[in-house]
Amino acid sequence: MTTSTTAIRTRNTRPTNALLLMALRSLRARPATQLAAGLVLLIGSALLTALAALLETGLAASGKDRTLLIRLPAILGGWSLLIVTFGVVSTVSLVVRQRERETALLRTIAASPRQVQILTLVEVIATALPAALAGLVPGVLLGRLLLSRLSAAHAVKSVSALDDGWLTVTVGAGVALTAAVAGAMLAGRRAGQVPPVAALSASAGVDTAGKALTRAKVVTGGVITLLGLGTGMSTLAQENGPLLSSTAGPAGVAVAVGLALLAPAAATAGGGGLARSRSVVMRLAGRTLKTRARQQGSLIAPLTLLIGVGSGTLAMQRIEDSQPATDGPHLATVNYLIVLAIVGFAVVAASNTLVAATRARGHDFKLLVLTGATRRQILAVVGTEALITTVIAAILGGVATAVTVLPFSVVRTGTLIPAQAGPLFVLLVAVALAITILASVPTAVRQIRATATQ
Amino acid sequence: MSARTVPVRQAAVELLSVSKIHGRDAGAIRALDDVSLTFDSGTFTAVMGPSGSGKSTLLHCAAGLDKPTSGTVRIDGEDLSRYDEAGLTRLRRDRIGFVFQTFNLLQTLTVRQNVTLPLELAGRRPRRSDVDALLARLGIEERADHLPGELSGGQQQRVAFARAVLAEPAVIFADEPTGALDTNAARDVLHLLRSAVKENGRTIVMVTHDPNAASYADSVIFLADGRIVDTLARPSAEAVAAHMTRLGEGVR
């Protein structure tokens, strides 16, 4: 049992080969994570493709059709773009962050920060490229569906076929892919800065490091929120007409995205409040929320989007439907589809984050069991965390909903709070609660069962 | 990368007045306090000490994983403070091998891919036959195409050792290499480390808190409160245990 006495003979090779091999291997080893990230991208790509196809059709058309087919995707495209970019960037950074320990390990044995960045990029592109391209197919179908609805409503008269050329492909797949690559470069830079010593620390897996909120996030989040609030106010100055939703919609989306970026601060505040509770379960849940504010923020963010954009857009549409027809009805399909895409994105992003985060806490649960917590108590803590997370998202999302709906309702119907808004808001909060409970409690049960058998 | 020369009995690792302070102000902890040490080429040294004595910090600083607050660390004659992060990475690839308590193999790569990874990241692909020969000498050639998860702890540690020696580093740092192994597997790994030093002239620095593991080394260095408090040549497990007990009783 001795080691080599003769030197190992090597030939020069490109380190990229090893990086590619590792990237592909690790993709194969995490099909669920990759699938979830790919799904977010696919939905985003499909949404943008559909709108881009409408725009391209509009550019090729003439007269009134041209005006409508350019204006409609331009209005919807702007905020779809914002949502897709936000969703893709946050999903990518989540996927990268889940592997921080492995990254640190690579750094100890051989990889330079640059190689870690390249690895991140290769992995993201390997998932993002097929997903973005695959999104073209449902995207074009969606575009056709929208066009046929517009024709059926006699809003579009002379155009019958969708013009899906290079512009559609470039904008649809290209934007989603660009967002993914930008996300990968941001996340990869941070991954490259992970200190190698992080691989050697005993408490691996429990990620409490990192500032809850970076200055860049505070500034960006603040600016986007203020822009959204401003746009919302400007709705009041608009005349009652078909363009009313063009400021009300984006205003709510901007507020939701802005507040989503600031979500870690809300988690800290909410957790701090709970930490003073009399109930031990509440106190434990509050502490988790506070110490893991950054992670909790990336969970609150998609839920905020879900509740804010979802209930805002749907309520706006319901008000529209109840009014004498303007050009409301043919926009309805588009709005419903967008809400569907956002719900899809939020479900995937939130459950992915939550399952991963809960799984990483297996060690924590084990410690809690060892220090005398019962299974029931641990599950109660996890359930309470899910509840509080949803409540915070509901508050943030509620603000975004209000920014969309209140000015819109005042101008359109003359009432401040429309009857349609309440039930829709409650419905979406219920969806969010279902996501958080279903993604966390069963995962925690499995974790505890696993530690019990060890 | 400069050309590498290996004269006989050169210092593989030198620490000159190395101090490391974690935290600052009132919360500051002096993890290493003016430590000067030399690990000669071709020696097997164990570093021991109670928890919090600074053994891990010593290993991290000596291996360029962590920067000392003051003092100089030289590996193979190269002053680590002159390197940036990318330079340190290259230095670790070429001159340093690591063996960890938790093996730290990439779970998604096969045994062979894990072993060759550091060299490949450095842009060198070792000959397959050489890698197979190394795996055969370590008794894991039949596991070459398995994933680490399919191996026993002892086998995984051999893979980690193969990965550490493949690039023929100037020094191998082992951090509690037997900490996660049963006694039989631990003994095998310790024999392996010892024969790598005796028969192939490797240099090994091993951090451990197990007196039995330390007894396989040529000498033992005892740390307490960030300072070297004692050394022991040709240690026996009993002598090491006796030293440790005295340290635990607070002889400072």
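Hey, among A:Leu379, A:Leu406, A:Leu427, A:Leu416, which residue is more than 20 Å from A:Ala346 (Cβ to Cβ), out of contact with any helix residue (DSSP H, G or I) (no Cβ under 7 Å at 6 or more places or on another chain) and of a type outside the set (D, E, K, R)?
On the way: A:Leu379 fails: out of contact with any helix residue (DSSP H, G or I) (no Cβ under 7 Å at 6 or more places or on another chain); A:Leu427 fails: more than 20 Å from A:Ala346 (Cβ to Cβ); A:Leu416 fails: out of contact with any helix residue (DSSP H, G or I) (no Cβ under 7 Å at 6 or more places or on another chain).
From the options A:Leu379, A:Leu406, A:Leu427, A:Leu416, the qualifying one is A:Leu406.
What's the total number of residues in region A:365-422 that are of a type in the set (D, E, K, R) and surrounded by fewer than 15 Cβ atoms within 10 Å (Cβ to Cβ)? I'd like the intermediate steps shown before the answer.
Taking region A:365-422 first, the residues of a type in the set (D, E, K, R) are A:366, A:375-376, A:385, A:412.
Now narrow it down to the ones that are surrounded by fewer than 15 Cβ atoms within 10 Å (Cβ to Cβ): A:376.
Number satisfying all stated conditions: 1.
Is it the case that B:Pro177 is more than 10 Å from chain A (Cβ to nearest Cβ) and within 18 Å of A:Val197 (Cβ to Cβ)?
Working: more than 10 Å from chain A (Cβ to nearest Cβ): yes; within 18 Å of A:Val197 (Cβ to Cβ): yes.
For B:Pro177, the condition - more than 10 Å from chain A (Cβ to nearest Cβ) and within 18 Å of A:Val197 (Cβ to Cβ) - is met.
Just checking, which of A:Arg190, A:Arg149 is modelled with pLDDT under 80, in a helix (DSSP H, G or I) and under 26 Å from the mean Cα position of the chain (by Cα)?
Step by step, each of A:Arg190, A:Arg149 is checked, and only A:Arg190 is modelled with pLDDT under 80, in a helix (DSSP H, G or I) and under 26 Å from the mean Cα position of the chain (by Cα).
List the residue pairs whose Cβ atoms are under 6 Å apart, where the first residue sits in region B:227-250 and is at positive phi, the second is part of a loop (DSSP other than H, G, I, E, B), and the two are 6 or more positions apart or on different chains.
none
With the structure loaded, tell me whether B:Gly54 is at pLDDT below 90 and either more than 30 Å from B:His146 (Cβ to Cβ) or more than 9 Å from chain A (Cβ to nearest Cβ) (or both) or whether it fails that test.
Working: at pLDDT below 90: yes; either more than 30 Å from B:His146 (Cβ to Cβ) or more than 9 Å from chain A (Cβ to nearest Cβ) (or both): yes.
Considered against the rule, which asks whether it is at pLDDT below 90 and either more than 30 Å from B:His146 (Cβ to Cβ) or more than 9 Å from chain A (Cβ to nearest Cβ) (or both), B:Gly54 comes out as yes.
Residues that are within 19 Å of A:Gly414 (Cα to Cα): find the helices (runs of 4 or more DSSP H) completely inside region A:230-295 holding 1 or more of those.
On the way: elements: A:244-261, A:263-274, A:280-291.
Counting at least 1 such residues, we get A:244-261.
Give me the residue from region B:132-167 that is in a helix (DSSP H, G or I), without any contact (Cβ under 8 Å) to a residue 40 or more places away in the chain and facing chain A (nearest Cβ under 8 Å) and, out of that set, farthest from the chain's Cα centre (by Cα). Explain how you work it out, then say what you get.
To start, the set of residues in region B:132-167 that are in a helix (DSSP H, G or I) comprises B:132-137, B:141-143, B:148-150, B:153-166.
Checking which are without any contact (Cβ under 8 Å) to a residue 40 or more places away in the chain leaves us with B:132-137, B:141-143, B:150, B:154-155, B:158.
Filter again for facing chain A (nearest Cβ under 8 Å), leaving B:133-134, B:137.
On the way: B:Ala133: 23, B:Leu134: 19, B:Arg137: 21 Å.
Among those residues, the one meeting the criterion is B:Ala133.
What tally of residues in region B:58-88 results from selecting those that are surrounded by fewer than 24 Cβ atoms within 10 Å (Cβ to Cβ), within 12 Å of chain A (Cβ to nearest Cβ) and out of contact with any helix residue (DSSP H, G or I) (no Cβ under 8 Å at 6 or more places or on another chain)?
Qualifying residue count for the region: 3.
For residues that are over 21 Å from the mean Cα position of the chain (by Cα), modelled with pLDDT under 65 and not small (Gly, Ala, Ser), scanning just region A:193-207, find the one that is farthest from A:Ala357 (Cα to Cα). Talk me through it step by step, then tell me what you get.
Quick first cut of region A:193-207, residues over 21 Å from the mean Cα position of the chain (by Cα) only: A:193-206.
Retained after the next criterion (residues that are modelled with pLDDT under 65): A:199-206.
Then drop every residue that is not not small (Gly, Ala, Ser), which leaves A:200, A:206.
Details: A:Leu200: 21, A:Val206: 9 Å.
Among residues in region A:193-207 that are over 21 Å from the mean Cα position of the chain (by Cα), modelled with pLDDT under 65 and not small (Gly, Ala, Ser), the one farthest from A:Ala357 (Cα to Cα) is A:Leu200.
Residues that are at pLDDT 80 or above and more than 14 Å from chain B (Cβ to nearest Cβ): find the helices (runs of 4 or more DSSP H) completely inside region A:1-118 holding 3 or more of those. Don't jump to the end; show me each part of the working.
Working: elements: A:15-29, A:31-60, A:63-97, A:100-109.
Ranges flagged: A:31-60, A:63-97.
Report, by residue number, each residue of region B:89-110 that is more than 14 Å from the chain's Cα centre (by Cα) and facing chain A (nearest Cβ under 9 Å). Steps first, answer last, please.
Looking only at region B:89-110, we keep the residues that are more than 14 Å from the chain's Cα centre (by Cα), and these are B:89-91, B:94, B:105-110.
Listed by number, the residues that qualify are B:Thr89, B:Arg90, B:Leu105, B:Leu106, B:Gln107, B:Thr108, B:Leu109, B:Thr110.
Looking at region A:128-146 only, could you name the residues that are surrounded by fewer than 24 Cβ atoms within 10 Å (Cβ to Cβ) and either over 24 Å from the mean Cα position of the chain (by Cα) or β-branched (Val, Ile, Thr) (or both)?
Of everything in region A:128-146, those that are surrounded by fewer than 24 Cβ atoms within 10 Å (Cβ to Cβ) and either over 24 Å from the mean Cα position of the chain (by Cα) or β-branched (Val, Ile, Thr) (or both) turn out to be A:Val137, A:Val140, A:Arg144, A:Leu145.
Suppose the filter is facing chain A (nearest Cβ under 10 Å) and in contact with a Lys or Arg (Cβ under 9 Å, 6 or more places away or on another chain); does B:Gln113 pass it? Before the answer, list the steps.
Details: facing chain A (nearest Cβ under 10 Å): yes; in contact with a Lys or Arg (Cβ under 9 Å, 6 or more places away or on another chain): yes.
The answer is yes for B:Gln113.
Name every residue in region B:191-209 that is without any contact (Cβ under 8 Å) to a residue 40 or more places away in the chain and either crowded, with 19+ Cβ neighbours inside 10 Å or polar (S, T, N, Q) (or both), in order of residue number.
Result: B:Ser195, B:Ala196, B:Asn200.
Is at least one residue of region A:119-127 touching a Phe, Trp or Tyr at 6+ places or on another chain (Cβ under 9 Å), among the hydroxyl-bearing types (Ser, Thr, Tyr) and assigned by TED's automatic domain parsing to the domain that holds A:Pro196?
No, because not a single residue in region A:119-127 is touching a Phe, Trp or Tyr at 6+ places or on another chain (Cβ under 9 Å), among the hydroxyl-bearing types (Ser, Thr, Tyr) and assigned by TED's automatic domain parsing to the domain that holds A:Pro196.
Within region B:116-131, restricting attention to residues that are more than 7 Å from every other protein chain (Cβ to nearest Cβ) and either in contact with a Ser or Thr (Cβ under 8 Å, 6 or more places away or on another chain) or under 26 Å from B:Ile75 (Cα atoms) (or both), which residue is modelled with the highest pLDDT?
By that ranking, first place goes to B:Val131.
The values are calculated or read from the model by the stated rules, or taken from the named source; none is laboratory data. On a predicted model such as this, the values are computed, not experimentally measured, just so you know. Cβ atoms come from the backbone with ideal geometry, glycine included; neighbour counts cover every protein chain shown.
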